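J.: A single structure is presented below for examination.
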Amino acid sequence: MDKRIAIVTGASSGLGAEFVKQLDEHEKLDEIWVIARRRERMAALQEEVHTPLRVFAWDLTEPETFSGFSELLASEKPHIMFLVNAAGYGKIGSFRDISPEENERMVDLNCRAAMSVTQRSIPYMGKGSRVLEICSTAAFQPMQYLDTYAATKAFLYRYSRALRIELLGTGIHVTAVCPYWIKDTEFIGVAQKTKNSRYIRHFPLGSKKHSVAAMALCASRLNLPVATPGIICTLHRIVAKFIPHSLMMGVWALIRRI
């Protein structure tokens, strides 16, 4: 019998590690494959869960990673029950403050890596398998001073929505997860490490990783196309459907000064 596994990227900390814990608690899996750069963090995570973890210390911005991933899948032929693409990061600042290389890395990790892992995983999925693409509420509008990050999440959001339709009839379900700021992860700290991050000074009403992961998994079980795990991101999604983006960016200009 094929192994029933979950694959979680960005699993060394934050939301990715939280997904590992909640999958371990609520799902019957033979293994969880965890992918991130920091091997020691993922190895330590094994002490907090019962499901066996297979640790892959891979950099998903490196193209050769994906050939290795494809070879591993072809060799193991697992039954992938869950794929959670939680790897990603953002940077706060104007185009003057963030280098071209940093922007390119954001695109590589947030867009290309998520798409590549998903495309390679789908042949090993079947009826009941679930894909959770971790997007962001930033996907719902352009956001100045988070321009590249918001654009990458818009890509992943629209990719997720389209892929869901392409997979109709296969029993494979895709959910785009679009949270607001999550306070208890490394995301905000990393985002602020630029030449000038004062364009966004505060992060009011931020979410917590436990509730975000729990609501995202619940939305996936309900086969919802989009999960907005919190009041702020839910309201944002609704409002962005009716207000032109130029006005939304004006509202964002006010909010980011709070």
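J.: Sort through 174, 117 and tell me the only one that's surrounded by 18 or more Cβ atoms within 10 Å (Cβ to Cβ) and either of a type in the set (D, E, K, R) or outside any helix (DSSP H, G or I) (or both).
T.: Residue meeting the stated conditions: 174.
J.: A further question follows. Which residues, taken from segment 62-75, are at pLDDT 95 or above and either among the acidic types (Asp, Glu) or surrounded by 23 or more Cβ atoms within 10 Å (Cβ to Cβ) (or both)?
T.: 71
J.: Then there's this: Can you tell me which of (1) closer than 14 Å to residue 256 by Cα; (2) modelled with pLDDT of 90 or more is the one residue 228 doesn't meet?
T.: Every condition holds for residue 228 apart from (1).
J.: For segment 4-27, state whether one or more residues are in a loop (DSSP other than H, G, I, E, B), of a type in the set (Lys, Arg) and either in contact (Cβ under 8 Å) with a residue 24 or more places away in the chain or surrounded by 18 or more Cβ atoms within 10 Å (Cβ to Cβ) (or both).
T.: Checking segment 4-27: not a single residue is in a loop (DSSP other than H, G, I, E, B), of a type in the set (Lys, Arg) and either in contact (Cβ under 8 Å) with a residue 24 or more places away in the chain or surrounded by 18 or more Cβ atoms within 10 Å (Cβ to Cβ) (or both).
J.: Name the single residue, out of those in segment 95-114 being surrounded by 15 or more Cβ atoms within 10 Å (Cβ to Cβ) and part of a loop (DSSP other than H, G, I, E, B), that is modelled with the lowest pLDDT.
T.: Only one residue fits best here, namely 97.
J.: Pairs needed: first member in segment 73-99, free of Cβ contacts under 8 Å to residues at least 60 places away in the same chain; second member anywhere, surrounded by fewer than 23 Cβ atoms within 10 Å (Cβ to Cβ) and of a type in the set (Ser, Thr, Tyr); C-beta distance under 7 Å; at least 6 residues apart or different chains.
T.: Final answer for the pair search is 73/124.
J.: Inspect all residues belonging to segment 92-101 and state whether any of them is within 21 Å of residue 188 (Cα to Cα), among the β-branched types (Val, Ile, Thr) and out of contact with any helix residue (DSSP H, G or I) (no Cβ under 6 Å at 6 or more places or on another chain).
T.: Yes, segment 92-101 has at least one match.
J.: Return the pairs, sorted by first residue and then second, in which the second residue is surrounded by 24 or more Cβ atoms within 10 Å (Cβ to Cβ) and among the basic types (Lys, Arg), the first residue lies in segment 136-153 and is on the phi < 0 side of the Ramachandran plot and assigned to a helix (DSSP H, G or I), the beta carbons are less than 7 Å apart, and the residues are 6+ apart or on different chains.
T.: Listed pairs, sorted by first residue: 138/153; 139/153.
J.: Name the single residue, out of those in segment 136-166 being touching an Asp or Glu at 6+ places or on another chain (Cβ under 9 Å) and closer than 17 Å to residue 121 by Cα, that is surrounded by the most Cβ atoms within 10 Å (Cβ to Cβ).
T.: 160
J.: Residue 59: surrounded by fewer than 20 Cβ atoms within 10 Å (Cβ to Cβ), in contact (Cβ under 8 Å) with a residue 24 or more places away in the chain and not in a helix (DSSP H, G or I), yes or no?
T.: Judged against the criteria, residue 59 is not a match.
J.: Can residue 82 be described as closer than 15 Å to residue 134 by Cα and crowded, with 16+ Cβ neighbours inside 10 Å?
T.: Judged against the criteria, residue 82 is a match.
J.: Let me ask something else about it. Of the residues 189, 206, 169, which single one is exposed (fewer than 14 other Cβ atoms within 10 Å of the Cβ) and under 18 Å from residue 16 (Cβ atoms)?
T.: Exactly one residue qualifies, and that residue is 189.
J.: Residues that are over 27 Å from residue 183 (Cβ atoms) and part of a helix (DSSP H, G or I): does segment 77-94 have at least one?
T.: Scanning segment 77-94 turns up no residue that is over 27 Å from residue 183 (Cβ atoms) and part of a helix (DSSP H, G or I).
The values are calculated or read from the model by the stated rules, or taken from the named source; none is laboratory data. Computed from a predicted model, the values in this text were never measured in an experiment. Glycine also receives a Cβ, built like all others from the backbone with ideal geometry; neighbour counts cover every protein chain displayed.
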